[in-house]
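Please read the structure below before turning to the comments.
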């Protein structure tokens, strides 16, 4: 019973169907009909004009988005526990040609205007210090916590006031929107570029980089190719994304994953280290308790010495979820 | 009737089946059983110990392979018309952190020891000039011409004598092996790293980087992740590759594509600009002739002012090939 | 009798005096009075508003100038024998983060609009090919030949029409102006950034990067520091430059060097491989003849198998020049 | 009365003399007799075989030294307040092609084995996280505190055990050695590369990078040129360094600066924020007190809200030092 990662989950049947429906040769790279449909599809969905590029991974999506905002001599403000800092093998340093990540603090891996200001206010405005050029926030955060639209708005306001770009790592954007119950465009209002994740939510290998600055997208197309991320059979990536957007399948999938996490969380409210707002549960539990859970057939990651990370997927099986909830309650 | 690119062709049914068979969640990234099977599978196939990484594109494969050989202050010798020079958007400059491509000449985009020596002999051995660290050859070449094992051996000998690494861009390695009729390992004997292409040959989005230097592979795993090319559902890439290797499907596909090219070429031997040894036909023909062909329903690229490039795929339809051959003969 | 390089010549006494006059501590880096005087000094000299940064070397000057024009995914058009291509150890690849040099042809290492167009016209305007963002020309060229103002104007016109920046490597700008006899601003009219050389012309270790785009200079100040080129005792670099500009000492020095080259050239007009317009003489002569010259006490570089490069300096001694002229005449 | 920075101090007369004595043309770059003398001079001084490159700045020295140890996908452990992190404009990111700085804690900006371990132990040994490849320590530290030989030895031991390189930023190495009273080689025992500073200690614009790994130096010569730091009149940099080494002038200068700092510190022991072991005094004092000092004619930097940084130079005038000491005592 797998609660290790939504990364490893199965591909949604509708995605398989859409991919196979795209099998007949069309134009290579992103010249095909499906890839060309993305801009208007996302513009409709998000209610703001945008230009959209597919890539295979969230790391590529984040880094190409940031490359549109940050020169090699600049910096990105992000949370100390942000994925781009902790788990992307230094990809921002590669894609941004040596630009820096400035680490800020905030509860549950969410940034706040105060946390951001604390990180950047001490920077002297002189050539000896690396100057910030962008802020990156994660929706939902690395601890499965969701920025409310007004929280994003305040960060966007700060970004604007300081002349910084605003990037949203939306590897779990779907889970955040499902939680908020708002229009998708509200969950990323004020953002300049959004990494809109599909792989963790029923896709196979396709993420969307949504540029609300259309000229930025034009330039990043060169960067995508230069990074080896312009796949020649790109129609299969576009097909995945479109299939998940169709009939709001992306939201249904995210709701299913969120519901599974909520079910698990509800049995052990006192053990929760972070509010469970998306599809991740961080649970205080001892090594012995984790061993007991594993002995009962559940797989998951340890989180430090005293906690476990449980991640639910769009295809979480009810019986697995129920079993896990019971096992936790019984600890 | 599409003769534009093997890049745009359909995915082989066996590849679809293998991917769907891999749908059940396994370990993320390359920890799954399929990915872990690659090293031994290729070691068997090529008859030399190797370590293998999948990536989605040939550009990423080439650049990561070269990154194992060339420091940022070094250079790669390649043909003036090599894909890494002409069509990868400067990706080598990105992946190699500013290293240089040294352009050499040679018939039909094939390098020779003499051509390589002419490019590197004038380089003074001092710090003012960028020193070569590797040679990259393309099997089959950008003009669909195939290095004979003894030609590769001579280049490998030169590489050895000069202390240079040897990379083979095998985007169409399958077509080369099909043409040579030799063991696959013979077609890349002496090479340090091989980009073994599958996308043009029935795959969806998976290429193999074969490192004959196993320690190099260990390091490049970091580089792959750092480049955003470590897909979280990597089992689907491994599945493609393994499916194409199974029962030598890769060779059957390549033979089909080669045969289609040969059939087309045979009708107009006097128009051929390069020997047709793989799945590409470069045909002298006027603008009017090209218009005639297009009028008859064939799509392809112009190649300069006076030529056309016709590429055949693993799934080339007999009736299309026959129709094209006739149309050319009738010009 | 040294005719190897103007790089190795002595420092002009006025430069020593100015440096020692700047010895008393002032603000560090470029906050001192001398560094702050550069902008207006060069604006006066060149008749166009500009912002000026000192650096120690021509390589740093060229690369920082180009960094203001060319993104990492772009390219610079330069002559196949340009210093940035041949003799800067790949520094443009380093400073431009992997951007490419596109090599163009032209007589005596001078570019022409036709030569530039021949290099860039074949580039398809798509993401697979690296797009040019700037042109770099060398005044005087690597063969000591000088662009006439109207030649620069035509290249500037082309740059404008194509949306490219225009950089001038003026390592020997002084020699070019001395030859042209025009106002210095005329010799670089239409240029966006000029590497104005002083080291080869009586300086110790200071070159000026002249940005006619003042905002570009603001950004490059960060890049200069990031490259380790913001010296803490920058007043000594500014002092060198100001000393050489004072009373047009830079022109007097260049005239002296040019005159020496002209004197040498005049004795062997039939041997000249390039017009002698600055302080370099490229002379057809056999290995035996070179040996004879060396036997007579002259030092210089071979230039390939059949030529010698003779470079004169601001402090060329009349008797050495006369001796060399005679020795050549006597060959 | 300047206590702002040793960076801005005058050049020692012996340095001027040595530079002028080197005026006659010699070989360009580092082919001159003085540059060629450095290896053996430092080998004698430090009692270990080494190869030495000059560069103009400490930033270039640090980054080129680190470039010999850290691949683009790696990291350097340094103190959170190290110069390479705080004041070099992201130069390590540039020179190391995007490698990361891992920030560790320690009193008075000195690292300890425990502080280093705390920074690197949590790093999982997998491709998702950037792995450390080197440690960089500053001798004397950014707060003017000196590593005892046994402290360096313990860090070197840790570096060895973990397979990490060890770099010492010795911008104020002279002050550290003067404080320790030991042989210079003892103050950097176990170090792989040392940035040996001269600019803050009576030089004009020359630092030495001392590589105890001679092969590393060979490679970094290419990197130096590629960074535009190979000055053509390099003999003037070598001359500075040799002049300061002659008769241990470097130590005499450092002792003078240290003595001045000690004199200032002795008047206000209760205000000292860090032990005064080199030529920097960090003094607790209010804004009003700082204003009073400035009113009395002293210049220096604020250090946050409640402190001042006072730096003494080799040429600190006794009457200035005495005046400052009295003014502080009188606060």
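Answer yes if at least one residue in region C:239-246 is closer than 30 Å to residue C:36 by Cα and in contact with a strand residue (DSSP E or B) (Cβ under 7 Å, 6 or more places away or on another chain), and no otherwise.
Yes, that holds for at least one residue.
When you scan region D:167-178, how many residues do you find that are in contact (Cβ under 8 Å) with a residue 40 or more places away in the chain and either within 16 Å of residue D:51 (Cα to Cα) or surrounded by fewer than 24 Cβ atoms within 10 Å (Cβ to Cβ) (or both)?
So the answer is 1.
Report, by residue number, each residue of region B:83-133 that is within 12 Å of chain C (Cβ to nearest Cβ), out of contact with any strand residue (DSSP E or B) (no Cβ under 7 Å at 6 or more places or on another chain) and more than 30 Å from residue A:223 (Cβ to Cβ).
B:122, B:124, B:126, B:127, B:128
Considering only region C:27-36, state which residues are closer than 16 Å to residue C:206 by Cβ and either touching a helix residue (DSSP H, G or I) at 6+ places or on another chain (Cβ under 7 Å) or away from chain D (no Cβ under 14 Å) (or both).
The answer is C:32, C:34, C:35, C:36.
Go through region A:200-222 and report how many residues are surrounded by 24 or more Cβ atoms within 10 Å (Cβ to Cβ) and farther than 16 Å from residue A:40 by Cα.
Within region A:200-222, residues that are surrounded by 24 or more Cβ atoms within 10 Å (Cβ to Cβ) and farther than 16 Å from residue A:40 by Cα number 9.
Can you pull out the residues in region B:212-238 that are more than 11 Å from chain A (Cβ to nearest Cβ) and out of contact with any strand residue (DSSP E or B) (no Cβ under 8 Å at 6 or more places or on another chain)?
Matches in region B:212-238: B:215, B:219.
Inside region B:1-15, can you point out the residues that are outside any loop (DSSP other than H, G, I, E, B), facing another protein chain (nearest Cβ under 10 Å) and surrounded by fewer than 23 Cβ atoms within 10 Å (Cβ to Cβ)?
B:2, B:7, B:13
Quick check on my filter: what residues within region C:70-96 are out of contact with any helix residue (DSSP H, G or I) (no Cβ under 8 Å at 6 or more places or on another chain) and more than 24 Å from residue C:107 (Cα to Cα)?
Within region C:70-96, C:70, C:74 qualify.
Assuming residue B:124 fulfils every condition listed in (1) free of Cβ contacts under 8 Å to residues at least 12 places away in the same chain; (2) surrounded by fewer than 23 Cβ atoms within 10 Å (Cβ to Cβ); (3) closer than 29 Å to residue D:98 by Cβ apart from one, which condition is it?
(3)
Would you confirm whether any residue within region D:273-283 is free of Cβ contacts under 8 Å to residues at least 40 places away in the same chain, on the phi < 0 side of the Ramachandran plot and not in a helix (DSSP H, G or I)?
No: region D:273-283 contains no residue that is free of Cβ contacts under 8 Å to residues at least 40 places away in the same chain, on the phi < 0 side of the Ramachandran plot and not in a helix (DSSP H, G or I).
Scan region D:274-281 and tell me whether some residue there is surrounded by fewer than 19 Cβ atoms within 10 Å (Cβ to Cβ) and at pLDDT 95 or above.
Yes, region D:274-281 has at least one match.
Restricting attention to region C:37-69, report how many residues are buried (at least 20 other Cβ atoms within 10 Å of the Cβ), more than 14 Å from chain D (Cβ to nearest Cβ) and part of a loop (DSSP other than H, G, I, E, B).
3
Looking at region C:226-241 only, could you name the residues that are without any contact (Cβ under 8 Å) to a residue 60 or more places away in the chain and assigned to a helix (DSSP H, G or I)?
Within region C:226-241, C:226 is the sole residue that qualifies.
Report, by residue number, each residue of region C:122-149 that is under 19 Å from the mean Cα position of the chain (by Cα) and either farther than 24 Å from residue C:72 by Cα or modelled with pLDDT under 95 (or both).
C:139, C:140, C:141, C:142, C:143, C:144, C:145, C:146, C:147, C:148, C:149
Inside region D:253-271, can you point out the residues that are without any contact (Cβ under 8 Å) to a residue 60 or more places away in the chain and either buried (at least 17 other Cβ atoms within 10 Å of the Cβ) or closer than 22 Å to residue D:52 by Cα (or both)?
D:262, D:265, D:271, listed by residue number.
Which residues, taken from region C:287-331, are part of a loop (DSSP other than H, G, I, E, B), without any contact (Cβ under 8 Å) to a residue 24 or more places away in the chain and more than 28 Å from the chain's Cα centre (by Cα)?
C:330 - this is the single residue of region C:287-331 that is part of a loop (DSSP other than H, G, I, E, B), without any contact (Cβ under 8 Å) to a residue 24 or more places away in the chain and more than 28 Å from the chain's Cα centre (by Cα).
In this structure, does residue B:228 turn out to be crowded, with 24+ Cβ neighbours inside 10 Å, closer than 23 Å to residue A:226 by Cβ and modelled with pLDDT of 95 or more?
Here the answer is yes, as residue B:228 does meet what is asked.
The values are calculated or read from the model by the stated rules, or taken from the named source; none is laboratory data. These numbers come from a predicted model, not from an experiment. Positions of Cβ are generated from backbone atoms using ideal geometry, with glycine treated the same way; all protein chains shown enter the neighbour counts.
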